[in-house]
1. What single numbered condition from (1) at pLDDT 90 or above; (2) more than 21 Å from residue 20 (Cα to Cα) fails to hold for residue 55?
2. Could you tell me which of the residues 57, 89 is at positive phi, among the small types (Gly, Ala, Ser) and loosely packed, with under 10 Cβ neighbours inside 10 Å?
3. List every residue pair whose Cβ atoms sit under 6 Å apart, with the two residues 6 or more apart in sequence or on different chains, where the first one lies in region 74-90 and is touching a residue at least 12 places away in the same chain (Cβ under 8 Å) and the second, anywhere, is surrounded by 11 or more Cβ atoms within 10 Å (Cβ to Cβ).
4. Only one of (1) at pLDDT below 90; (2) surrounded by 12 or more Cβ atoms within 10 Å (Cβ to Cβ) fails for residue 47. Which number is that?
5. Taking region 1-18, which residues are assigned to a loop (DSSP other than H, G, I, E, B) and either more than 8 Å from the chain's Cα centre (by Cα) or modelled with pLDDT of 90 or more (or both)?
6. Any residue that is crowded, with 16+ Cβ neighbours inside 10 Å and out of contact with any helix residue (DSSP H, G or I) (no Cβ under 8 Å at 6 or more places or on another chain) - is there at least one of those in region 68-82?
7. Take region 19-68 and flag every residue that is among the polar types (S, T, N, Q) and in a loop (DSSP other than H, G, I, E, B).
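The values are calculated or read from the model by the stated rules, or taken from the named source; none is laboratory data. Values in this document were obtained by computation on a predicted structure and should not be read as measured data. Cβ placement follows ideal geometry from the backbone for every residue including glycine, while neighbour counts extend to all protein chains displayed.
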Amino acid sequence: MIDFATLLNVFFTIHDPTTLNRQGHDVGTQYRSAIFWHDAAQRDAAVEMIAALNAEGHWPAPIVTEVGPATTFFVAEAYHHDYFRNNPGQGYCMAVVAPKALKVRAGFGERLKPEFR
């Protein structure tokens, strides 16, 4: 099991939390940076990490990550499941996902299951 603080570290390592409703070339509310918490401790941890990263000047712009309560979760369509693993040669996977996966492996590889290292 992974603790919430580590999950937050991974989250802020693999994407740009300073662009509103955008990740790379993808634009729209579905691409917003967001953290959905299940309890007050998670909410507080997320808010505190955002404040600390902003205070450190980690990024050249303020973090715009939305922090809100977890509500109904909808499972994605089957073709989205394991998309990177099933489509490693697809352009988006090579250009966007692969570099993020490398960052996770480099910074958190010891925490990954062997099949993901």
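1. (2)
2. 57
3. Between residues of region 74-90 that are touching a residue at least 12 places away in the same chain (Cβ under 8 Å) and residues that are surrounded by 11 or more Cβ atoms within 10 Å (Cβ to Cβ), the close pairs are 84/93; 84/97.
4. (1)
5. Initial filter on region 1-18 (assigned to a loop (DSSP other than H, G, I, E, B)): 1-3, 15-18.
If the condition is that a residue be assigned to a loop (DSSP other than H, G, I, E, B) and either more than 8 Å from the chain's Cα centre (by Cα) or modelled with pLDDT of 90 or more (or both), then 1, 2, 3, 16, 17, 18 are the ones that fit.
6. Of all residues in region 68-82, those crowded, with 16+ Cβ neighbours inside 10 Å come to none.
No, region 68-82 contains no residue that is crowded, with 16+ Cβ neighbours inside 10 Å and out of contact with any helix residue (DSSP H, G or I) (no Cβ under 8 Å at 6 or more places or on another chain).
7. Keep residues of region 19-68 that are among the polar types (S, T, N, Q), which gives 19, 21, 23, 29-30, 33, 42, 54, 65.
Once the filter is applied, which keeps residues that are among the polar types (S, T, N, Q) and in a loop (DSSP other than H, G, I, E, B), region 19-68 yields 19, 21, 33, 65.
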